[in-house]
Each structure stands twice: as C-alpha cells, then as structure tokens.
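What follows is one structure encoded as structure tokens, with my remarks underneath.
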Amino acid sequence: MRFTFKTSYDQDIALAKHGGHRFWYGALLLALLAAPWWLGNYGLAQLSFMLIYSIVGLGLMLLAGYTGLFSIGHAAFLGAGAYVEAKLAAAGVPFPVSVSCAALLSAAVGVVVGLPALRVKGIYLGIATLAFGLIVEEVFARWEGVTGGNAGLSVAGLQIFGWRADSAASFYFVCLACTVLATLGVLNLLRAPVGRAFVAIRDSEISAQSMGIRLAYYKTLAFAVSAALAGIGGALYAHQIRFISPDQFGIVQSIDLLLMVVIGGLGSIHGVFLGAIFLIAMPQAIAAVKDLLPAAIGQAPGLQAFVYGAVLVAFVLFEPYGLYGRWVKVRTWLQMFPFYRRGMFARQKSFQKSERVR
Amino acid sequence: MEVLQTFVSGIAQGCIYGLIALGFVLIYKATETVSFAQGELMMLGGFAGLALTTVLGLPFWAALPIVVVAMAGFGIGLERVALRPVLGQPTFAVVMLTIGISYMARGAITMVPSIGTDTHRLAVPYKDEVLRLGGMVLAVEQLAVIVATALLCGLLYLLFSRSRIGIAMQASSQNQLAAYYMGIPVQRLNGLVWGLAAAVAAVAGLLLAPITFVHANMGFIGLKAFPAAVVGGFGSLPGAIVGGLLVGLVEAFAGFYLPEGLKDIAAYVVVLVMLVIKPNGLFGEKTLKKV
C-alpha cells in the first residue's frame, strides 16, 4: 500500500493524491485521445456508448452510491434528455445550447421526483421512482405530437455552430469531452461541502440532520444533479442511436443502469467506468460464446437475460463491492503480499435494526 | 349493469394483485426487504401447472396441490441458497439479488425448448363457463379467483392467529433478536416465509393462467402489485388484499371511463398520490429508527 504522509489539509482533498495518479490518468487520457487512430469505426462507436453510459452512471452513482437514494426509474431522465435533444437538434439549435436545455429539463423533472422522495425512503423510494419511470415511459408513448409515439423519432446529426460531428471520430471526441467534464465536475462536487453532505446523508440521515445538514435541500439537489447528468447522457445517446422510441427508456433500461453501478461498485467513481465497460462488453462476450454452446442453449432468446441475472446474483453474493472492490482487493493483496488477511474487507452484519411501533 | 360488470372484473384482477402483494408483505414483515422476484415466482407456478397438465396429463385439481407444494419447496430452497448469505446486509443488496433472480427465471424459462417465448393455454375444468346472474354475465374464471383468494386469506388468518408457527412468525417479524433469544429459530422461519410467499405466488399464477396466457413475461404483472402493497401499507397482510382490490378497481374503471393508455398507468398514479399523502399506506405501521 502506498502511504502518502499528509502535511496540509489541501492534500486531503486533492484530486490526484500522488504523482502516480497524475501519470496513469494522463496516460489513460492520451490513449483515449489517440483511440481514433487505433480503433475502427465499430470500436469507436462502442467506446462512445461506453462514455455515454458512464456519464449517466456518474449521475446514478452520485444518487445511489453517494447519497443513498436508489432510483429504479432513471431511464426516464435519460429519455427526457434524449427527446429534448432530438427536438432541438431538428430545429438546428447548436449542441452546447441544446445539451444545456436537455440537462436543465431533466434536472427540473428530477426535482419533481425528488420532492416526494423527501417523505419516503428505502424501498418506498424505489417504488416511487419505479412508478414514475413507468408513467414517463407511457407519456413518451402516448404524447405522439411531440415524441412521435411508439413509431419513434429520428434524430438529426450533431452540430456545433456549423461544425458537423458526423464521423464516428468527431462524435467520439464530443463524447470524450463531455465525459471528462462530467467526471471532473462530479469529483469536484464530491470534495466540496455539497458532496460531503451527500455522503453524510447516505451514512445516516438522522446524524446528518443533527449536524445541521438540510435534508430536503440536499436530497432534492442530489436528484437534480443526477437527473441533469442523465439528461446530458440522454442527449448524446440520441445522437449516437440516431433513432429514439419509448421502449428504449423503459424499466429494463433503468435496471440496466442500476446493474451498471452495482456491478461497477457502489460508492466509487472508478466503479462507474468499470460498470459501463461491463455493460457494453457483456453482450459482445455473450455473442462470442454463443456459437461455442450447444444450439438449443446458444440460440435461445433468454440466454442474455439469464447471464445478466446470474452475474448480478454472483456479484451481490460474492463481491458486494463490485468490480472496483475486487480490484482494490487484488491491489491490496499484491502490495501487502505476505500480510494479507481474508477478513480485511469483511462486512459487518446486523440484525434487523428498525423497531416497528404498533 | 356495465358498472357492476366492470366492478367484478376489477375485483378479480385486484385479487391477483393482492395475492402477489401478499408475498411482498410476508417477506417484508419477516426480513424488512422486498422481493422483486415475486412476479417471476408466479410465472414459474403457471409454467409448473402447464407442465403437469400437458406433459404428465394430470387433471387440474391434482396438479394444483403438487404445484403449490413444489413452489413452496422452491421458495425455501431459494432462501437457503441465495438469500440467507445476504441476511443483515442493506435492503438494497436483496433488491438487486431478487432482480437478478427474476432475470434468471425469465431467461431460464425461455431457454426451455418448446416453451420459448410462445404463449400457452392452461386447460382448466371451468374454462369458458359463464354464470348468468340477473342479466349480468360472470366468467367462472373470475369467480374462481375471487373465491380462491377469500379462501386463501382465511387460511392465512388461521395460520397467523392459531398455529404455533404463525405466532412465531409474528414474533420474529416484530423483533428478530428478541424472538431469537426466546428460542424461536428465526432463520428457519425466514425460509418458511419465503416458501409461503412462493406458494401464494404459485396459487396466483394458476388462477391468472386461465384468464390471460402463460408466457415468460407474465411475471411483469408483479410490477402492478407494488402499488397494491404500498397502498395497503407494506407491513400489513389485510392491507395487501385491500390495496390489491383498490388498484384492480381503479384500473378497471380507468379502462372503462378514461381515455386509452391511462389504464396502464392508473395504478402508478395511485401509488404516487398515496406516497405523497400517506407514505405509510392505509394500514401501514409507523417505524422508528435508531441511529
């Protein structure tokens, strides 16, 4: 384990804890910038998808992983962003303006959802967001004048003040820029007082409240920021897919997003990206393995759902910290080699804590 | 007369929601978590019934108890294998786990050859029979749902108020630690609760099968049972049935009087309104939480 001795408070909240961070993230950024030169169009499209999903994932991670508010209707925000972008892009509005509108509208929707969330928590919140997501999906399907209904809506290409991002590479650079900005924004938010308030609310609402944190304000804010990020992701998603229809923003998409942050590792920014890679790579991996399996299993339509479910169950049972947690364990094992103990990351179990009153 | 007709079909549909919601409530009371796989347990019950009646050629009345017992066993096994290891972890772990299980169940069913994504008919002896009651035409399938739900509620009431197991379940749902100290095997009871929930879901599946079809996605009806459980109050067994009936009626009347499309979301509008007005539901209980 690498120990950094801190001599000032600034070191506590620094973005890069030591030179190693700077080196490796710089190298990663360079590799990503150079991607168009070593990846084909298909690879670039997949990479763009991954970046788009990580933007949405950053929002959901902020909400679920850092504020402890679970949303089972997050695809609704994604959809709101996508439809706003589709409409504005068709009207010829440049991307920076339209994406801001998409983010703002999604944030407004997020506040509307956040308000009832003030009164409910835990599983009730999950059901409230689920209900909201299903209602919004139905609205997308029925409001034909605006959304084109179930027939869908095709999306114009991305253009920024006359510059058209038509090729896979130029669109990829737009996605990369948005992702880097969103990541830096979320990281900075998390080390600011707002982010600490979110974490305090996650760990214990009552303790947070007694420390003077305004629960109502911060919970609504968490919903708004999370929805805004989902809206930005949705805007890019619309351009990437070029065709949007209500069934892309249904409950299955919401659960996919949730699956992404859980498998990536709740409560870590790294987890968002690992989860997004997983979400994009999984169908490819399944498709690759399909031909090796006996035809009866390999060609069955349910194979993908089954594998998704099995992976999710395995993660909850064996690796509740997700992919990032596994990486941390491996790294710790390597660094502490002879002194690693099995119980180092054990979770404490507790009996049912709440006391019901008749 | 049409109003009465809508009323009866709403009640019948509501009974199905109520039965699935009963599963949620049973599990919530025992372990303070929610199973998102309840609809899929219902779907598995429907398919088990289908397999017994078509492949083995058993009559419906013989298949019914076998399916219920088998699904109860399945529920107990599920608790033992998948859910006991996450006992005591945050609610969310269990939610994700049951979502994973429901994906697996859906995927596994479609992987079975000759079932796939097709829809199937479950042959029941009372199929297509109608009862005429003073100008009103009642499908026997719907009556069967209502009668069976009433019977099941009576049985559950007797179980919880008269039997030792039921009283032990009540005790452990009120305070697990105290119940454990009193010599109640809390873990084994949790297994039984999951078995009970799966059995109730299987009954719901067998009752629903003649009305709709049996297919791999029929478990999505479980999503409609969440509103039922929330409206009734998540910790209350009678509340689940009342909530189910309410959601069923709202849906039936919304389909009858309101423009198309509102029928499908009426239940969710009801749940959002309920959460804003009375977050604990009609029969809900207050909770305190220690820091």
Counting heavy atoms of the protein chains only and a 1.4 Å probe, report the per residue accessible area for chain B as a whole number of Å². 42
The FRET efficiency for A:L115 and B:M1, from their Cβ-Cβ distance with R0 = 30 Å and rounded to 0.05, is 0.10
Interface size between chain B and chain A, please: total buried accessible area, 1.4 Å probe, rounded to the nearest 100 Å². 5300
Any chance you could check segment B:96-124 for residues losing 40 Å² or more of accessible area when the partner protein chains are in, compared with the chain on its own (1.4 Å probe)? B:M96, B:L97, B:I99, B:Y103, B:M104, B:M111
How much mean residue ellipticity at 222 nm does chain B get from its helices, if each DSSP H run of length 4 or more adds -39500 (n - 2.57) and you divide by all residues, to the nearest 500 deg cm²/dmol? -22500 deg cm²/dmol
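Length gain on complete extension for the stretch A:Q304 to A:A177, per 0.36 nm per residue less the alpha carbon to alpha carbon distance?
42.5 nm
Where does chain A land at 222 nm, in deg cm²/dmol rounded to the nearest 500, when only DSSP H runs of n ≥ 4 count, each adding -39500 (n - 2.57), divided by all residues?
After summing the helix terms and dividing by the residues of chain A, the value is -22000 deg cm²/dmol.
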Rough spin-label spacing in nm, given labels placed 7 Å along Cα→Cβ, for B:S114 and B:Q187: 4.1
Out of the total accessible area of the protein assembly as shown (probe 1.4 Å, heavy atoms of protein only), what percent is carbon and sulfur? 68
With R₀ set to 41 angstrom, the calculated FRET efficiency between the beta-carbons of A:D203 and A:A45, to the nearest 0.05, is 0.55
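Just to confirm, what accessible area per residue do you get for segment A:26-251 at 1.4 Å probe, in whole Å²?
38
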For a paramagnetic label modelled at 7 Å from the Cα of B:K278 toward its Cβ, which residues of segment B:210-236 fall within the zone defined by backbone nitrogen distances under 11 Å? B:231-233
Please go through the residue pairs A:K121/B:K278; A:K219/B:K29; B:K29/B:K278; B:K29/B:K224 and name each one whose alpha carbons sit more than 24 Å apart in this structure. A:K219/B:K29
Spacing of the two label points (7 Å from each Cα toward its C-beta) at B:R132 and B:A62, in nm: 3.6
Name the shape class, rounded, prolate or oblate, that the alpha-carbon gyration tensor gives for chain A, where a ≥ b ≥ c are the square roots of its eigenvalues, rounded holds for a/c under 1.5, and otherwise prolate holds if a/b is larger than b/c and oblate otherwise. rounded
In nm, the gap between the two label points placed 7 Å beyond Cα toward Cβ at A:Y9 and A:A346 is 3.8
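Stretched out fully, how many nm does the piece from A:L292 to A:E144 gain, at 0.36 nm a residue minus the Cα gap?
48.9 nm
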Using θ = phi - 60° and the Karplus form 6.51 cos²θ - 1.76 cosθ + 1.60, what ³J(HN,Hα) does each residue of segment B:166-181 get, whole Hz, x for Gly and Pro? x, 5, 4, 4, 4, 4, 6, 6, 7, 7, 4, 5, 4, 4, 4, 5
Once whole DSSP H runs in chain A are found, which of them have Cα atoms spread over 27 Å or more along the helix axis and a mean Kyte-Doolittle score of at least 0.0? A:41-60, A:95-117, A:123-142, A:168-191, A:215-241, A:269-290
Scoring segment B:1-219 by relative contact order with C-alpha pairs under 8 Å, at least six apart, yields a percentage of 43
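The values are calculated or read from the model by the stated rules, or taken from the named source; none is laboratory data. No experiment lies behind these values; they were computed from the predicted model shown. Positions of Cβ are backbone-derived with ideal geometry, glycine not excepted, and every protein chain shown enters the neighbour counts. Side chains included, ligands, DNA and RNA excluded: accessible areas come from the protein's heavy atoms. Shrake-Rupley method; radii C 1.70, N 1.55, O 1.52, S 1.80 Å.
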